Amino acid sequence: MTRDFLNINDFLVLLEYADSNEETIDKCGFDEEVIAFAFYGSGNVDLNVKYGTHQKSYNNTKGLAMSFFANEKVDFIHTVSESRKLHCVVILYSLKNLNKLPDGEREIYAETLNELINPTSDYVEGPTFFMDHNMQNAVDKIFTNTYEGAARSLFLKSQVTELLAHFFAKVSTLEKDNNTSIKDTEREKLYQAREILSKNMETPPSISELSRLIGLNDFKLKKNFKELFGFPVYKYLQNERLIKAHDLLSSQDVSIQEVAWSVGYESLSSFSNAFIKKYGFRPSEVKS
């Protein structure tokens, strides 16, 4: 596990990377009381949080946005398999510095994260959900931008601010969303649908085929997939295709046309246009 540490405004930001040919287990923690926001933009690692005699496990972390309070007694253990590269943005704020926040921001924290500001345990989970399209794009841009020096710092500051804004906007709707919570059995089927799409980017199944494969009707698949993961089914597929395309372009000696075909784009122009819209630069700029 590799971590870059950045100081942005009053926050400490960790950019976490993991990409190995074998399973990697990483253990980390904090040396003070913090409120944290973690955004898992890539990979699908297993996370175990251990504190005292307690343990909380998180699976299917890909696309997850989570908030929590933790102190120095908490251990975070990531298990990263060889096929699940990790990209994660963690934004930390020291609890003792909460009063230094501007009045408006402090009010937002008090209204939406009261259980984290007034913790009753060494580890307290706050609002946790899957990122929508805007949040996912902000995370992807953090790890794929080509800026350097002061320009990179300014860009990362803007993306971190955007992530937090999207997070708090989403939290404000959670109470309404929770009234239509998805059953656990259906949730597992939706995880299965997501895995099928990720493994079949070049020739994905139709909605009807996907519904049959997971045993969920078309209507529930489309409605609950978007509710759980923040993307419509094929918008999610497009996003996954572009993430994989960027990885291929940056790590392998392949042509842009080959990459486009490998992720399911028959038209090079359509691929380029979608890539530019997501990342803000052309596929050719990755290879240069």
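Against the condition part of a loop (DSSP other than H, G, I, E, B), at negative phi and either of a type outside the set (Asp, Glu) or not assigned by TED's automatic domain parsing to the domain that holds residue 85 (or both), how does residue 182 come out, does it pass? Yes, satisfied.
All of 113, 95, 47 fail the test of being closer than 21 Å to residue 7 by Cα and in contact (Cβ under 8 Å) with a residue 12 or more places away in the chain, apart from 95. Filtering the stretch 13-59 to residues that are of a type outside the set (A, V, I, L, M), under 23 Å from residue 135 (Cβ atoms), in contact with a helix residue (DSSP H, G or I) (Cβ under 9 Å, 6 or more places away or on another chain) and surrounded by fewer than 18 Cβ atoms within 10 Å (Cβ to Cβ) leaves 17, 19, 59. Among the candidates 105, 125, 115, the residue that is in the same structural domain as residue 40 (by TED's automatic domain parsing), surrounded by fewer than 19 Cβ atoms within 10 Å (Cβ to Cβ) and either of a type in the set (Ser, Thr, Tyr) or touching a Lys or Arg at 6+ places or on another chain (Cβ under 9 Å) (or both) is uniquely 125. Sub-8 Å Cβ pairs linking a first residue in the stretch 53-72 that is in the same structural domain as residue 39 (by TED's automatic domain parsing) to a second residue that is of a type in the set (S, T, N, Q) and outside any strand (DSSP E or B), at least 6 apart or interchain, are 54/121; 60/44; 61/44; 62/44; 63/136, ordered by first then second residue.
Apart from one condition, residue 120 fits all of (1) β-branched (Val, Ile, Thr); (2) free of Cβ contacts under 8 Å to residues at least 12 places away in the same chain; (3) crowded, with 21+ Cβ neighbours inside 10 Å; the exception is (3).
Within the stretch 11-21, one or more residues are under 29 Å from residue 150 (Cα atoms), modelled with pLDDT under 90 and more than 18 Å from the chain's Cα centre (by Cα). Scanning the stretch 143-165 for residues that are surrounded by fewer than 20 Cβ atoms within 10 Å (Cβ to Cβ), of a type outside the set (S, T, N, Q) and closer than 21 Å to residue 243 by Cα yields 143, 147, 152, 155, 162. Taking the stretch 183-198 as the range and being surrounded by 11 or more Cβ atoms within 10 Å (Cβ to Cβ) and not aliphatic (A, V, I, L, M) as the test, the residues that pass are 186, 187, 188, 189, 191, 192, 194, 195, 198.
Residues in the stretch 254-271 that are closer than 18 Å to residue 234 by Cα and hydroxyl-bearing (Ser, Thr, Tyr): 262, 265, 267, 270. Might you let me know whether the stretch 190-198 holds any residue that is more than 30 Å from residue 9 (Cβ to Cβ), among the aromatic types (Phe, Trp, Tyr) and in contact (Cβ under 8 Å) with a residue 40 or more places away in the chain? Checked against the condition, which is being more than 30 Å from residue 9 (Cβ to Cβ), among the aromatic types (Phe, Trp, Tyr) and in contact (Cβ under 8 Å) with a residue 40 or more places away in the chain, the stretch 190-198 yields at least one hit. Only one of the listed residues (68, 5) is exposed (fewer than 13 other Cβ atoms within 10 Å of the Cβ) and aromatic (Phe, Trp, Tyr). That residue is 5.
Only one entry in 148, 125, 105 is closer than 30 Å to residue 7 by Cβ, in contact with a strand residue (DSSP E or B) (Cβ under 9 Å, 6 or more places away or on another chain) and among the acidic types (Asp, Glu), namely 125. Filtering the stretch 218-249 to residues that are without any contact (Cβ under 8 Å) to a residue 40 or more places away in the chain and over 20 Å from residue 200 (Cα atoms) leaves 219, 220, 223.
If the condition is being under 30 Å from residue 198 (Cβ atoms) and among the polar types (S, T, N, Q), then the stretch 29-70 contributes 42, 44, 48, 55, 57, 59, 60, 61, 67.
The values are calculated or read from the model by the stated rules, or taken from the named source; none is laboratory data. As the structure is a computational prediction, the values presented were derived from the model and not from experiment. Please note: Cβ atoms are built from the backbone with ideal geometry, for glycine as well, and neighbour counts cover all protein chains shown.
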